[in-house]
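First up is the structure itself, then whatever we jot down about it.
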Amino acid sequence: MKSSTSIYTLMLIAILGVSCAQSQQQEYTSPKGYNLKEPNRYKMEDDLLEISGITFNKGDNNTIFAIEDEDGKLFYGRPADRMKTEHTKFGKHGDYEDVAICNERVIVLKSNGKLYTFPLSEIKEQELSNVHEHTDLLPAGEYESMYADDATNKLYILCKNCDDEKTTKSSTGYILDILPNDSLKQAGTFKIEVSQITKLIKDDKIKFRPSAMAQNPITKQWYIVSAVNSLLVVADRKWQVTNVYPLNRKNFLQPEGIAFDNKGNLYISNEGDEFSRGNILKFSYFGKR
């Protein structure tokens, strides 16, 4: 009797141990310097239910700039629990996916790879007339991720699903020079190797679908959000993936935008649905500068 009781106890301990180990593996972790479990939450107005991209001007967090993916409007406002925004119209109805600002020029990315640029100084106008459309700079495909670097006048765009690549293997990025005459010029490419992501999350069937990207001003790492995969991917300056963080659906309903302010605070925007408003989550940076 004692022997069978001991065997039963050992089996129970083993089962509990496996269960605890699995639970630990499923825990949501955070990049160094951040706590993804405790955001400040900024609720969006109805016009930004489908918020699809966010940015700052030179990292100044007094004003958040945002777009949504149906109307050609740039929204802007001061961060608050319930944000109030103003907007200006720059384009027709369309699928607009990301926004960046580089040296007083606003750049908007459409899902088909078209780009729109206009002066930041003119956004107080109700409707803009000085808007330049840039076509044929990117291969055919679907795009949602963009980042502009003020220091180098370079624009980085990462393909979500391009015709000339297999997204089970890699996601190709394109670098454009932002020229003084408001033109854009191809300047190179980069790649995110999906095998580096699958190795870290132990899932070799993943099809990586990046929906937003930004560079951390403190660490210079690249932060890439994939809404389809519910992942935050972190890569070094040379685009080598170093960490992958699963995103909890409780906070990250549909993460479509990402930005940093100049203090290193991280912002991720989520599209809303019939039950929830769109929002922007702020994660304060507590690491060393």
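Residue-by-condition table, conditions (1) among the small types (Gly, Ala, Ser); (2) modelled with pLDDT of 95 or more:
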| residue | (1), (2) |
| --- | --- |
| LEU16 | no, no |
| SER19 | yes, no |
| SER23 | yes, no |
| THR29 | no, no |
| THR63 | no, yes |
Scanning the range 244-285 for residues that are among the hydrophobic types (A, V, I, L, M, F, W, C) and out of contact with any Phe, Trp or Tyr (no Cβ under 8 Å at 6 or more places or on another chain), the one farthest from ASN229 (Cα to Cα) turns out to be PHE275
Flagged pairs (Cβ under 7 angstrom, 6 or more apart or on separate chains; first in the range 74-103, on the phi > 0 side of the Ramachandran plot and part of a loop (DSSP other than H, G, I, E, B); second buried (at least 16 other Cβ atoms within 10 Å of the Cβ) and of a type in the set (S, T, N, Q)) are ASN103/ASN153
Over the range 218-242, the set of residues assigned to a strand (DSSP E or B) and more than 15 Å from the chain's Cα centre (by Cα) is VAL241, THR242
Residues in the range 237-264 that are closer than 26 Å to ILE175 by Cβ, of a type in the set (S, T, N, Q) and touching a strand residue (DSSP E or B) at 6+ places or on another chain (Cβ under 6 Å) total 2
Among the residues that make up the range 222-229, is at least one of them in contact with a helix residue (DSSP H, G or I) (Cβ under 9 Å, 6 or more places away or on another chain) and either surrounded by fewer than 19 Cβ atoms within 10 Å (Cβ to Cβ) or closer than 28 Å to HIS132 by Cα (or both)?
no
PHE65 meets each of (1) within 19 Å of ILE175 (Cα to Cα); (2) assigned to a strand (DSSP E or B); (3) not small (Gly, Ala, Ser) with one exception, condition (1)
Counting only strands (runs of 3 or more DSSP E) entirely within the range 128-217, those with at least 3 residues that are touching a residue at least 60 places away in the same chain (Cβ under 8 Å) and within 20 Å of ARG105 (Cα to Cα) are 141-149, 212-215
Apart from one, (1) farther than 19 Å from LEU49 by Cβ; (2) touching a Pro at 6+ places or on another chain (Cβ under 8 Å); (3) surrounded by fewer than 22 Cβ atoms within 10 Å (Cβ to Cβ) all hold for ASN251; the odd one out is (1)
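The values are calculated or read from the model by the stated rules, or taken from the named source; none is laboratory data. Quantities reported herein were computed from a predicted structural model and do not represent experimental measurements. Methodologically, a virtual Cβ is constructed for each residue, glycine included, from the backbone with ideal geometry; neighbour enumeration extends over all protein chains shown.
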